[in-house]
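The values are calculated or read from the model by the stated rules, or taken from the named source; none is laboratory data. Here the structure is a predicted model, which is why all the values come from computation and not from measurement. When we count neighbours, we look across all protein chains shown, and the Cβ atoms used for this are built from the backbone with ideal geometry, even at glycine. Side chains included, ligands, DNA and RNA excluded: accessible areas come from the protein's heavy atoms. Shrake-Rupley method; radii C 1.70, N 1.55, O 1.52, S 1.80 Å.
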Amino acid sequence: MSAAHLERGAAFALFACALMVLMPAGLGAANMSTAQANHTAAARGFNVAWVAALFAGAWLLLTALAAWRVETWAPALAAPAHGARYCAAFALAAWLLGRARIAQGLLVAGAVATFAAHGLEALLLRAEFVDYLIGAAWRVLGWRVSQGLAEGALLAIGVMDVAAAALLLALFGWRKRRGPAAIALLGWMTFWGFFTAAARIVDMGWGNLPEAMIRVANGAVPLTLLLHWRGIRQSESEPRNEPRNDPRNDR
Amino acid sequence: MKRHANILVAVLVLAGAAAVGVLTGPTGLSDERQANPDPLPETVLEGTTPAQWRLVWTTDPAHEATVGWTTAEAAKTNAVFFDTEPRQGALDKYRHQQAATATGRYSARKPALHYASVELKKLRPGTTYWFVMVSDESVSREFHFITAPEGDAEFKFLYGGDSRSYREPRREMNRRLRALFTQDPEILALVHGGDYVEDGDKLEQWVEWLTDHELTVTAQGRMLPIVPARGNHEADSVIFDEVFHNPGGKGLNYYATRLGSEFLLVNLNTEISAGGDQAAFLETTLKNHTTVRWQCANYHRPAYPAVKKPGSALKYWVPVFERYDLDVALESDGHTYKRTCAIRGGKPDATGVTYIGEGGLGVRQRTPDPERWYFEGGKVGSSNHVQKVTVRKDKLLVETIAENGKQLDTWEAKPRPTRRD
Ligand SMILES: [Fe+2]
């Protein structure tokens, strides 16, 4: 069996995963809308969505590990760079099982890993990134940017990415973490994650859509955290006339 | 119980989906190869005995060459003794000698081995040089090589890439290179498209590669010069530069090779920025040589791949190739053999550039995708191979030859009418 066979097999299985995650959610939309309902549903043996999510996570993790084996330039950074992808799938599985706290931790870990790894790759002046900058400057702005200038910009981006990862980690570990600073940081990471994913299309045209799609998690993970944390802030600022058993606060 | 049943259902659905994917996947991976049981003597790496020799050509092979070798122990002195006549290793008879330009320990914790590189300069074009490598008291056997010709010369060279990972097939291919080189003295050199070893930072793999490279020397002792390009498995490997003596500059590894007055080979590095300084270099080089009859490029990751996705060459180099009417681009990395149709502006166009290669100097071959539009009128297949390029005044001929010597493909070009003084 060649790698092409394996890849195709996994692609079909992943497709089945997506269907299995979506189907029960669609069927029981009313009572599946909260993690609590899912928790009950999973306990009753109602759905198979979490198995599918777990499988998707396992496959994405496997491809990340394969990238680490196959990548010849800075291979140690390949697996963490994929962090947002597999952590998102694992977080979904945890959430479907009603483990919101674990899901949140996984999302933070994924975002931190991806931003830190990409930041380090930028600081090491990854050739692909240098060429993205040169290409984007030419295509979007019509500027001929020298390699030296592009490398300078890349160093700045690297510092920014590593700083964002470190800040997110610090804020997550800090009890009063969900202040406006955290929201602003996540807002930036969401923008930057989606922006760099979309840059693949700017760089190589719509043929590169799959390249962009697979990186959607880089923005979607901070976005999920952003919505989650903002939700918690809002529920905390509301008058406390109901018991605090919001599953999103599951600690 | 119900929960278990559901998990079972999920697993069955996934397994079924995976099976459908696997069964409908592409087929036809060629995996047959013959092991040649006759091992040739190789130089034993001990003391200061010069072993694992290589003769490197870069910008001006009519006048310059670099001889490099490996020793187990560090020698105090390393030099090449050379002459235009055979001297059978009698050191006092050689009319020229040149001390090492660079020596040192290879950048690896183990094994602890040493390299010596000797730049030979001011050589005469089209001339046979006889030489020995000397490290302290140890003298190699006598070898010879022929410098590149000058003027409007006719000659041949070999092109191949991807000699990594599988030793026996690589040795088999090296024997094929030697057979071609022996049969056809018109062959000047091997142009290598990169991916020598699996991990360019592992010296033990280079030791194997270099040992196997000894097999390319003819029985008469003629050394096959190598024109190296960096592949992704060399990534940012320092050992690559130690083995090949920084071709095109340390860590940069892009340079133009002139073979005779009418053949230009631009060697590029797909492992560093393609769109920055290198694109400028390519533009300047082709612009300064518009009247040279034959123009060719050599780099690792393909612009028009048979297996993977296009590399940055497609975006940054192909427009330059087309602007200056490059004849052929030699590409590696895919582990198949391939020849595209002539391409211009992303479409088949008889005036365009043809892309040949994909790498088969011993690496396990993959299954190419023959459905890609640029193979209409071209050729793809799975077999270890080498390209023999024949340079004539009236034509450029590229033959793809399998490890058993069988011809897999041929392609011919006429001089472009756009090349004029
Ligand atoms: Fe490669």
Restricting the search to the range B:404-421, which residues are touching a strand residue (DSSP E or B) at 6+ places or on another chain (Cβ under 7 Å) and touching a residue at least 12 places away in the same chain (Cβ under 8 Å)?
B:LEU408, B:ASP409, B:THR410, B:TRP411, B:GLU412, B:ALA413
With B:ASP152, B:ASP195, B:ASP201 as the choices, which residue is within 14 Å of chain A (Cβ to nearest Cβ) and either away from the ligand (no atom under 16 Å from the Cβ) or closer than 22 Å to B:ILE356 by Cβ (or both)?
B:ASP195
Those residues that are within 10 Å of another protein chain (Cβ to nearest Cβ) and open to solvent by 50 Å² or more (accessible area, probe 1.4 Å), I need them from the range A:110-129; list them, please.
A:LEU124, A:LEU125, A:GLU128
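Tell me the strands (runs of 3 or more DSSP E) entirely within the range B:63-181 that contain at least 1 residues that are surrounded by 14 or more Cβ atoms within 10 Å (Cβ to Cβ) and either free of Cβ contacts under 8 Å to residues at least 12 places away in the same chain or among the aliphatic types (A, V, I, L, M) (or both).
By residue number, B:65-71, B:78-83, B:102-105, B:114-120, B:128-135, B:143-146, B:155-160.
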Quickly run through the range B:189-203 and pick out the residues that are open to solvent by less than 10 Å² (accessible area, probe 1.4 Å) and on the phi < 0 side of the Ramachandran plot.
B:ALA189, B:LEU190, B:VAL191, B:HIS192, B:GLY193, B:TYR196, B:VAL197, B:GLY200, B:LEU203
Anything in the range A:45-59 that is aliphatic (A, V, I, L, M) and either within 16 Å of the ligand (Cβ to nearest atom) or open to solvent by 40 Å² or more (accessible area, probe 1.4 Å) (or both)? List them, or say none.
A:LEU54, A:ALA58
Out of the residues in the range B:292-345 meeting the condition of being in contact (Cβ under 8 Å) with a residue 40 or more places away in the chain and polar (S, T, N, Q), tell me which one is most open to solvent (accessible area, probe 1.4 Å).
B:SER312
Among the listed residues B:VAL20, B:VAL44, identify the single one that is part of a helix (DSSP H, G or I), open to solvent by 50 Å² or more (accessible area, probe 1.4 Å) and either within 14 Å of another protein chain (Cβ to nearest Cβ) or modelled with pLDDT of 50 or more (or both).
B:VAL20
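Can you name the residue in the range B:155-167 that is away from the ligand (no atom under 16 Å from the Cβ) and in contact with a Gly (Cβ under 8 Å, 6 or more places away or on another chain) and, of all such residues, is nearest to the other protein chains (Cβ to nearest Cβ)?
Here the residue is B:ARG167.
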Out of (1) surrounded by fewer than 23 Cβ atoms within 10 Å (Cβ to Cβ); (2) away from every other protein chain (no Cβ under 14 Å); (3) within 16 Å of the ligand (Cβ to nearest atom), the odd one out for B:GLU186 is which?
(3)
If you take just the strands (runs of 3 or more DSSP E) that sit entirely in the range B:214-316, which of them hold at least 3 residues that are within 14 Å of chain A (Cβ to nearest Cβ) and in contact with a Pro (Cβ under 9 Å, 6 or more places away or on another chain)?
none
Quick test of your reading of the structure: A:VAL145 fulfils all but one of (1) under 20 Å from B:LEU252 (Cβ atoms); (2) of a type in the set (A, V, I, L, M); (3) assigned to a helix (DSSP H, G or I). Name the failing condition by number.
(3)
Take the range B:346-388 and flag every residue that is crowded, with 24+ Cβ neighbours inside 10 Å, on the phi > 0 side of the Ramachandran plot and either away from the ligand (no atom under 16 Å from the Cβ) or in a loop (DSSP other than H, G, I, E, B) (or both).
B:GLU358, B:GLY359, B:GLY362
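Here's the yes/no breakdown for (1) more than 15 Å from A:ASN218 (Cβ to Cβ); (2) open to solvent by less than 60 Å² (accessible area, probe 1.4 Å); (3) at pLDDT 95 or above; (4) part of a helix (DSSP H, G or I):
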| site | (1), (2), (3), (4) |
| --- | --- |
| A:ASP131 | yes, yes, no, yes |
| A:LEU155 | yes, no, yes, yes |
| A:ASP161 | no, yes, yes, yes |
| A:LEU171 | yes, yes, no, yes |
Residues to consider are B:ARG339, B:ARG301; find the one that is away from the ligand (no atom under 14 Å from the Cβ) and basic (Lys, Arg).
B:ARG339
Residues B:ALA256, B:ALA235, B:ALA229: which one is in contact (Cβ under 8 Å) with a residue 24 or more places away in the chain, surrounded by fewer than 24 Cβ atoms within 10 Å (Cβ to Cβ) and within 16 Å of the ligand (Cβ to nearest atom)?
B:ALA235
Among the residues of the range B:164-198, the number that are under 20 Å from B:TYR129 (Cα atoms) and in contact with a Lys or Arg (Cβ under 6 Å, 6 or more places away or on another chain) is 2
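Could you list, in sequence order, all residues of the range B:320-336 that are in a loop (DSSP other than H, G, I, E, B) and within 16 Å of the ligand (Cβ to nearest atom)?
Residues satisfying the conditions are B:SER332, B:ASP333, B:GLY334, B:HIS335, B:THR336.
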